[in-house]
Amino acid sequence: NAGVTQTPKFQVLKTGQSMTLQCAQDMNHEYMSWYRQDPGMGLRLIHYSVGAGITDQGEVPNGYNVSRSTTEDFPLRLLSAAPSQTSVYFCASSSFRGLNEGEQYFGPGTRLTVT
Amino acid sequence: GQQVMQIPQYQHVQEGEDFTTYCNSSTTLSNIQWYKQRPGGHPVFLIQLVKSGEVKKQKRLTFQFGEAKKNSSLHITATQTTDVGTYFCAGPNDGGSNYKLTFGKGTLLTVNP
């Protein structure tokens with residue numbers, strides 16, 4: 001049981017480039033989400049999904065797209081990278097059933113630098 | 001929108017001293033969660049409080065949820081170097097479900113051995 005995995009661990013992009021951050025979970029969680037973490041800002045929700053085919057915006061969605069074609073995967077796409085998107089990105093998953101309802105499991109993170 | 005504020009932003013203690021971080025929400029929360037993030041690591045769930053006035057303990061950690069369900073605290077007794085990290089509280093943004101959590105900015109705890 002690997003939990004939540006993210007790739008890559010590190011990435012450097014030039015302004016205007018696009019890329020996809022990968023996230024996968026093997027816990028059959030219906031809920032998945034993406035956060036960005038900037039110094040002194042805590043964690044801010046970018047997008048989330050409550051099941052395959054269903055996504056919605058969080059607090060800071062601009063410049064990012066998501067899709068959820070399977071329960072396991074929730075990729076985050078940066079359409080045209082900007083220096084303001086330099087951050088650490090965390091994927092998280094959760095179930096809203098059972099004893100651990102609402103507990104979020106975080107992946108190890110992707111450190112993205114946009115130059 | 002809802003705001004979740006945490007104080008203090010930083011706390012440095014000598015090993016063995018106690019530590020408390022406070023979390024205040026601008027709105028009433030259905031529940032509150034606490035997470036710990038070690039330096040260079042990812043957030044790890046500690047606990048979820050649901051009931052008004054609830055108090056839960058995990059070894060040296062004591063969590064409280066206020067009577068009005070707008071504030072919470074985490075108290076660590078006799079800190080150890082393993083307690084180093086940033087402690088975050090988080091509450092649901094839309095008043096009910098945890099689909100959209102708002103995180104506080106966290107309290108960074110450092111412990112001098």
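List of remarks:
- Any chance B:Tyr22 is in a strand (DSSP E or B) and open to solvent by 40 Å² or more (accessible area, probe 1.4 Å): yes
- Some residue of segment A:73-87 being among the β-branched types (Val, Ile, Thr) and not in a loop (DSSP other than H, G, I, E, B): no
- Which numbered condition A:Arg97 misses (of (1) open to solvent by 40 Å² or more (accessible area, probe 1.4 Å); (2) at pLDDT 95 or above): (2)
- Unmet requirement for B:Thr81, which otherwise passes all of (1) open to solvent by less than 20 Å² (accessible area, probe 1.4 Å); (2) in contact (Cβ under 8 Å) with a residue 60 or more places away in the chain: (1)
- Of the numbered criteria (1) of a type outside the set (A, V, I, L, M, F, W, C); (2) out of contact with any Leu (no Cβ under 8 Å at 6 or more places or on another chain); (3) assigned to a strand (DSSP E or B), the one A:Arg68 fails is (3).
- Matching entry among B:Phe88, B:Phe63 (being outside any loop (DSSP other than H, G, I, E, B), within 11 Å of chain A (Cβ to nearest Cβ) and either touching a residue at least 24 places away in the same chain (Cβ under 8 Å) or closer than 26 Å to A:Met32 by Cα (or both)): B:Phe88
- Filtering segment A:21-56 to residues that are among the hydroxyl-bearing types (Ser, Thr, Tyr) and either open to solvent by 50 Å² or more (accessible area, probe 1.4 Å) or free of Cβ contacts under 8 Å to residues at least 40 places away in the same chain (or both) leaves A:Tyr48, A:Ser49, A:Thr55.
- Check on B:Lys69, surrounded by 16 or more Cβ atoms within 10 Å (Cβ to Cβ) and away from chain A (no Cβ under 14 Å): yes
- Test result for B:Leu74, in a strand (DSSP E or B), within 29 Å of A:Thr110 (Cβ to Cβ), in contact with a Ser or Thr (Cβ under 7 Å, 6 or more places away or on another chain) and open to solvent by 30 Å² or more (accessible area, probe 1.4 Å): no
- Screening A:Asn28, A:Asn62 for residues that are closer than 22 Å to B:Gln2 by Cβ and more than 11 Å from chain B (Cβ to nearest Cβ) leaves exactly one candidate, A:Asn62.
- Residue list for segment A:72-97, restricted to those being among the β-branched types (Val, Ile, Thr) and either in contact with an Asp or Glu (Cβ under 7 Å, 6 or more places away or on another chain) or farther than 24 Å from A:Gly3 by Cα (or both): A:Thr86
- Search result, residues across segment A:100-115 that are surrounded by 18 or more Cβ atoms within 10 Å (Cβ to Cβ) and within 14 Å of chain B (Cβ to nearest Cβ): A:Gly102, A:Glu103, A:Gln104, A:Tyr105, A:Phe106, A:Gly107, A:Gly109, A:Thr110
The values are calculated or read from the model by the stated rules, or taken from the named source; none is laboratory data. Computed from a prediction, not measured in an experiment: that's the story for all the values here. Virtual Cβ from ideal backbone geometry, glycine too; neighbours counted across all protein chains shown. Protein only, heavy atoms only, side chains kept; ligands, DNA and RNA dropped before computing areas. Shrake-Rupley method; radii C 1.70, N 1.55, O 1.52, S 1.80 Å.
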